[in-house]
Amino acid sequence: MDTLQAILLGIVQGITEFLPVSSSGHLQIAKELLGVELEENLTFDVTLHAATVLSTLVVLRREVLHLLRGVFSRRFTSEQAYVLKIAVSMIPIAIVGFAFKEQLDALLRAPWILAFVGAMLLLTAALLAFAYYAKPRQKETISYRDALLIGTAQACAALPGLSRSGATIATGLLLGNRKTAVAQFSFLMVLAPILGEMLLEVCSGELTSGVAAGPLLAGFVAAFATGCAACRTMIEIVKRGRLIGFAIYCAAAGVLSIVSYFL
């Protein structure tokens, strides 16, 4: 992998991690187009995820610091309840990660992966369109039940091509939660699973040094910079309820991905 490839992949990861268009699906498509072998670049993938985690912490630093201060209170606070809801939302993805990791890794190496990604992008489009047109009654706070259901959507998004942010935000909106609250919860709830996955990869000893330090750094910087911009942009987009454009994009990308596989 050269530096230009690393930068391009970093940009793809940074943008699509937060926009509801599936980072895993687009990263897979980008790697196919650039001729980058997925199994040889586990270190690079972990590096890109670290960059997007850092960008989330930077953009939502006030919210994160506020939660951390409230967590250490002697009485049960709303901040502690919020963190507990995030913990509840992590249960489904933890089950999927431990029980189906090998199957998901094998799926990424399947010869028909582009067709599968296309199908999941079409499903993402349907979810976003449904959330856009549905008008449920707005609730003030995310409940524990809603946190579990949003977490279940996140677990389903372990499938490549099904957008994590799209699935979680659409689910939160369909459950009647406020747009700003859903966007913030969606971005904060993914921090622990990504960090946990990174820790497991490091502890597994499977990380390789097939990518030089220069491309690694270039990919990290590109993913971090674009991730910061995408995170801020997505929060504003969700506030304004403009998700239908992403539904159209995902539908088009899904069709193109399926067509490219059969061609």
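Values quoted throughout were computed directly from the atomic coordinates according to the rules given, and no laboratory measurement underlies them. All values derive from a computational prediction rather than experimental measurement. Neighbour counts run over all protein chains shown; Cβ positions are idealised from the backbone, glycine included.
Odds and ends about this structure:
- Overall form of region 114-201 per C-alpha gyration tensor (a/c, 1.5; a/b vs b/c): oblate
- Ordering His26, His66 by the number of other Cβ atoms within 10 Å of each residue's own Cβ, fewest first, gives His66, His26.
- When restricted to Cα atoms, region 122-263 yields an Rg and a Dmax of 17.2, 52 Å, respectively.
- Highest mobility in the GNM of the chain, judged by mean-square fluctuation with C-alpha springs under 10 Å and restricted to Glu32, Glu63, Glu102, is found for Glu102.
- Less than 5 angstrom separates the built amide H of Lys139 from those of Asn177, Arg178, all sequence-distant by 5 or more or on a different chain.
- Cβ charges +1 (Lys, Arg) and -1 (Asp, Glu), total dipole of the chain, debye: 1580
- Shape class for region 1-130, computed from the alpha carbon gyration tensor (a ≥ b ≥ c): prolate, with a/c not under 1.5 and a/b above b/c.
- For the pair Val83 and Glu102, the difference between a 0.36 nm per residue extended length and the Cα-Cα distance amounts to 3.9 nm.
- Each of Phe72, Ala229, Phe44 was scored by the projection of its Cα onto the charge dipole of the chain, and the greatest displacement toward the positive side belongs to Phe72; charges sit on the C-beta of Lys, Arg, Asp and Glu.
- The number of Lys pairs in the chain with C-alpha atoms less than 17 Å apart, excluding pairs fewer than 8 positions apart on the same chain, is 6.
- Rg to Rh, two decimals, where the chain supplies the alpha carbon set and Rh follows Kirkwood: 0.96
- Hz values of 3J(HN,Hα) by residue in region 131-145 - Karplus curve (6.51, -1.76, 1.60), Gly and Pro given as x: 5, 5, 8, 6, 10, x, 5, 7, 9, 7, 10, 7, 7, 5, 4
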